[in-house]
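Below: one structure in structure tokens.
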Amino acid sequence: MPEFSKHISVAMMTVIAVSGAHRISANDHPMQQQVIVPQEDRFTPFAVTIHAGDAVKWINSDTDDHTVVSDDFFNTAGHHGTNHLVKGTDSNGGRPGTFVLRFEHPGTFVFYCRFHAHLDADHQPVAPGPQGGIQDSATGNFGTPMMGVVVVLPDTDHDR
């Protein structure tokens with residue numbers, strides 16, 4: 001093998017060996033979980049677990065507008081004072097509205113929709129029932145408040 005080729009081969013093997021020491025994969029990048037508002041007044045799933053550095057994307061597939069409001073009394077994961085309108089398809093040109101938050105440290109982020117948080121006869125006479133979907137207030141079924149929680153775990157393992 002000519003001397004020049006030997007040097008190139010040694011250099012390429014060194015690059016391969018060094019780059020193999022730390023492989024870059026999809027697991028090295030922050031993840032993004034989704035919370036969806038289906039065509040009814042609820043967040044699904046109710047609870048999402050992520051790691052510090054990850055993000056949550058809310059997608060409002062409902063025709064109505066909804067909000068992501070932080071319940072600062074319970075929040076330990078940051079984003080205090082969050083109060084974001086997530087447009088529904090009727091006010092967003094037929095497309096679902098979206099909203100993304102990245103969480104940098106462990107804790108909990110409790111959130112709710114300010115339009116659908118107080119479900120009683122005076123404030124919200126019609127709300128999602130036990131099977132999802134809207135129930136009639138004449139039956140006394142006001143469903144549950146539209147809320148959810150993000151649990152943020154420490155980011156101690158990059159190879160999740």
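The values are calculated or read from the model by the stated rules, or taken from the named source; none is laboratory data. This is a predicted model, so every value here is computed, not measured. Cβ coordinates were reconstructed from backbone atoms using ideal geometry, including for glycine residues, and neighbour counts include every protein chain displayed.
If you take the residues of segment 65-89 that are among the polar types (S, T, N, Q) and surrounded by fewer than 19 Cβ atoms within 10 Å (Cβ to Cβ), which of them is nearest to V48 (Cα to Cα)? Full working, then the answer.
Step one: list which residues in segment 65-89 are among the polar types (S, T, N, Q), which gives 67, 70, 75-76, 82-83, 89.
When the remaining residues are screened for being surrounded by fewer than 19 Cβ atoms within 10 Å (Cβ to Cβ), the result is 76, 82-83, 89.
Numbers: T76: 15, T82: 17, N83: 19, T89: 24 Å.
Only one residue fits best here, namely T76.
Let me ask something else. Among the residues of segment 90-101, write down those that are surrounded by 15 or more Cβ atoms within 10 Å (Cβ to Cβ) and not in a loop (DSSP other than H, G, I, E, B).
Initial filter on segment 90-101 (surrounded by 15 or more Cβ atoms within 10 Å (Cβ to Cβ)): 92, 96-97, 99, 101.
Listed by number, the residues that qualify are G97, F99, L101.
Does segment 22-37 hold any residues that are part of a loop (DSSP other than H, G, I, E, B) and either modelled with pLDDT under 90 or surrounded by fewer than 11 Cβ atoms within 10 Å (Cβ to Cβ) (or both), and which are they? If you could, list the steps in order and put the result at the bottom.
Step one: filter segment 22-37 for residues part of a loop (DSSP other than H, G, I, E, B), giving 22-25, 29-31.
H22, R23, I24, S25, H29, P30, listed by residue number.
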